[in-house]
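Below is one structure, written out as structure tokens; the observations come after it.
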Amino acid sequence: MNRRHVLLIAAAFLTALGTSVDAQNLDTVRAGRFDYGKMWTFEYPPATYFSQTYGFDANEKWFETARLASLRIPGCSASFVSPDGLVVTNHHCARDYVFQVTKPGENLLDNGFFAKSLAAERSITDTYVEQLIAVEDVSAEVLAAGDRGTTDQERLTLRNTAAAAARTRIVQRNGSNPDIQVQIISLYNGGRYSAYTFRRYTNVKLVAAAELQLGFFGGDPDNFTYPRYALDFSFLRVYDDNGQPLRTPNYFTWSAAGVKEGDPVFVIGSPGPTNRLQSVAQLEYQRDVLVPAMIRAFDERLSALRDFYAENPVEGEKLDIRNRAFGLSNSLKAYIGRLDALRNPVIMAKKRDAERQLVAAIGAKPALQSQYGTALDRVAALQQNRRAVAAQLGAFALLGSPQNPGNESALIVRAMAALGYLKAVVPGGNADSLNAVRARLLAIPDQPPSLERRLLNARLADFEFYLGANSPIVQASLRGRAVPDAVAALLNESALATNARLATAIDAGTLTMSDPAMQIAAALAPVLLDTYARENNRIGVAETDLRSQLGRARFEINGTDVPPDASLSPRITDGVVKGFEYNGTLAPAFTTFYGLYDRHFSFPTKPDWALPKRWLPVPPKLDLNTPLDFAATADTYGGNSGSPAVTPKLELVGLNFDRNIQGLSRDFIYLPEAGRNIMVDVRAIMEALDDVYDLDRLVQELLKHRVFKTEAEADAVKR
């Protein structure tokens, strides 16, 4: 995706938001009741609101069942759907698992995986499934500890210490069981604290996964759009310590009837961090500095991955480049949506009105005014300080990010690590310590040469773009050359260009600070450390304390009527199945398999809409009228992928897998007028399992609520 494509997408998103008011009338815009969203927590369940709004008894037992049947997996959400540990989630949440269990000669990512027997389910390593089994409010002890501090740092340290003590107490209460995980969750930006106790299951197997082409049907062009036609599902199974399918009384029943337009749905999952409670000054900083920098960084790395894959598809498959590219593409589109929301004058006017209301509410109570009256002004001042290092933050975007290890130049990563190695090489130094540093340095893997060249080009281009020609970092990086020429010279001259050359230089004792890559590191390191020290220690600590103060103020004013920002912790959100107006027409509440085939045949030369061989010609038993995907107004976000969508009877009707373009503003505000979450309809999953994949043992397990060891056993029951 080049710069022109980014700008075109941005323009489309601005149009899609569709909230236009004359500039002179912006002062009439008012904040809405649910602008902060509907991501309700289980410790503050909106029982009365659910019961009154949707006409059923949302009692304590209802919320308990919803909580215990819902699950959290790395990066996504899921749920139990049988009493024998069967778990359903999105395909894109299990793509790495499919890649992991693939055996030589197989291509499960493209062909799908369908275990025809219990014995054929394949073990997944290094993953887990978590179930929230208890929540305890620890706000009083954590906040009281912080209040004893006299500085920002001291208050933060005391809160963290108290939170750690609360966690230790609860862990010990559970007998220090390694299967019990306790997390202290900060809510309302530190205005409240809850201890979440999870039961963690680590014996997990892959049961079934659709073909990549079905799970991600429409590819990047359809991502964050609607109507959609993706069959984005996979099944896992949790096993107990004895190697048997886990017996659990808490699971969602699979709905045969599904839902219709106007029906309520409740989506349960663990959405990633949102920024709805941020101040206007913080949002303006994101708009002007942070988000544009991230868009540039994602765009350049995505281009590098895609160009490499186009030239080297076989090697690209071995390196799982398609998955890596999808992750970057997803992030890029999400950040473009964030930027468009922040540039939307109506949204910002609503945020300003909400802030005016908060200031007035604080001012109306002398006790609150004395405690929190200057907090917003102090937050605004910190954003001005942050802008002073905006260029450096842009130049270093994604550098050293734990989410970005494979999308950075290996030469740059090695050069920074080699500073520590050369510092450890001293006469009479500890040999074991030096060898450990050497081992960590040589463990940094090579990138394929053409990918390394592209990633190094992106990093040096960032340095030049943000820091300018007079920067010592740029001068050390380019040495008077254009970026492509500097990249070629570095890869030719530096001992850090490959792992083998670095090992040779270390063994020969020829690695020195005169190496051109080491000169970059020498110029980069002090600026990088100072920038992050300023951002994290001088600004971040003060901002953390102020955000906690404002969170406490908000909670005292609004109580639980306003839910906290998402925090990767379990939430339940409500909405209704509903289409929406767009581009002068209507988006339907439901799509069907008819639409899937229409997309395929309408774009015969486009690989994003190509169907796998199994689906062509149309399987004779496949009911094309079956609902495939549907849209609803539930308040979902990143991390809600795989979230179960259930009815008031707690029947599973869908799996959340995306938002539409209009929903990309949800990082900052919830606007249900056109924003939608998008779900796979369980009727489509059942239809595919039965009439395309012929996986009767799974079909019967979902219908009969018991495990079947083989297809023959399931077929016997079916007859």
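The values are calculated or read from the model by the stated rules, or taken from the named source; none is laboratory data. Quick caveat, the model's predicted, so the values are computed rather than measured. FYI the Cβ positions are ideal-geometry reconstructions off the backbone, even for glycines, and counts take in every protein chain you see. Heavy atoms of the whole protein, side chains included, go into the accessibility calculation; ligands, DNA and RNA do not. Shrake-Rupley method; radii C 1.70, N 1.55, O 1.52, S 1.80 Å.
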Inset, instruction - List every residue pair whose Cβ atoms lie under 8 Å apart, where the two residues are 6 or more positions apart in sequence or sit on different chains, the first residue falls within the stretch 163-177 and is on the phi < 0 side of the Ramachandran plot, and the second residue, located anywhere, is surrounded by 14 or more Cβ atoms within 10 Å (Cβ to Cβ) and among the small types (Gly, Ala, Ser). - result: Ala166/Ala195; Arg167/Ala195; Ile170/Ala195
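Return the only residue of Ala500, Ala461 being in contact with a helix residue (DSSP H, G or I) (Cβ under 8 Å, 6 or more places away or on another chain) and modelled with pLDDT of 95 or more.
Residue meeting the stated conditions: Ala461.
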Inset, instruction - Could you list, in sequence order, all residues of the stretch 582-597 that are surrounded by 13 or more Cβ atoms within 10 Å (Cβ to Cβ), not in a helix (DSSP H, G or I) and not polar (S, T, N, Q)? - result: Tyr582, Ala587, Pro588, Ala589, Phe590
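Report yes if Thr150 is open to solvent by 50 Å² or more (accessible area, probe 1.4 Å), polar (S, T, N, Q), more than 30 Å from Val682 (Cβ to Cβ) and more than 20 Å from the chain's Cα centre (by Cα), otherwise no.
Considered against the rule, which asks whether it is open to solvent by 50 Å² or more (accessible area, probe 1.4 Å), polar (S, T, N, Q), more than 30 Å from Val682 (Cβ to Cβ) and more than 20 Å from the chain's Cα centre (by Cα), Thr150 comes out as yes.
Open to solvent by 30 Å² or more (accessible area, probe 1.4 Å) and more than 29 Å from the chain's Cα centre (by Cα): does that describe Ala164?
The answer is no for Ala164.
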Inset, instruction - State the number of residues belonging to the stretch 208-245 that are open to solvent by 20 Å² or more (accessible area, probe 1.4 Å) and under 30 Å from Asn177 (Cβ atoms). - result: 5
Inset, instruction - Identify the residue in the stretch 598-643 that is touching a residue at least 60 places away in the same chain (Cβ under 8 Å) and part of a helix (DSSP H, G or I) and, among all such residues, is surrounded by the fewest Cβ atoms within 10 Å (Cβ to Cβ). - result: Pro607
Inset, instruction - Within the stretch 442-481, work out how many residues are farther than 20 Å from Ala522 by Cβ and either in a helix (DSSP H, G or I) or in contact (Cβ under 8 Å) with a residue 12 or more places away in the chain (or both). - result: 16
Inset, instruction - Could you tell me whether any residue of the stretch 491-502 is within 30 Å of Ala388 (Cα to Cα), surrounded by fewer than 17 Cβ atoms within 10 Å (Cβ to Cβ) and under 36 Å from the mean Cα position of the chain (by Cα)? - result: no
Legend entry - Subset of the stretch 109-147 that is aromatic (Phe, Trp, Tyr) and assigned to a strand (DSSP E or B) - its residue that is surrounded by the most Cβ atoms within 10 Å (Cβ to Cβ): Phe113
Legend entry - Flag if Asp545 is touching a Lys or Arg at 6+ places or on another chain (Cβ under 7 Å), within 30 Å of Gly363 (Cα to Cα) and either free of Cβ contacts under 8 Å to residues at least 24 places away in the same chain or not in a helix (DSSP H, G or I) (or both): no
Inset, instruction - Look at Ile185 and say whether it is farther than 30 Å from Ile321 by Cβ and open to solvent by less than 10 Å² (accessible area, probe 1.4 Å). - result: no
Inset, instruction - Take Val680 and decide whether it is over 25 Å from the mean Cα position of the chain (by Cα) and either at pLDDT 95 or above or crowded, with 24+ Cβ neighbours inside 10 Å (or both). - result: no
Legend entry - Subset of the stretch 242-267 [assigned to a loop (DSSP other than H, G, I, E, B), within 18 Å of Pro644 (Cα to Cα) and among the hydrophobic types (A, V, I, L, M, F, W, C)]: Phe252, Ala256, Ala257, Val259
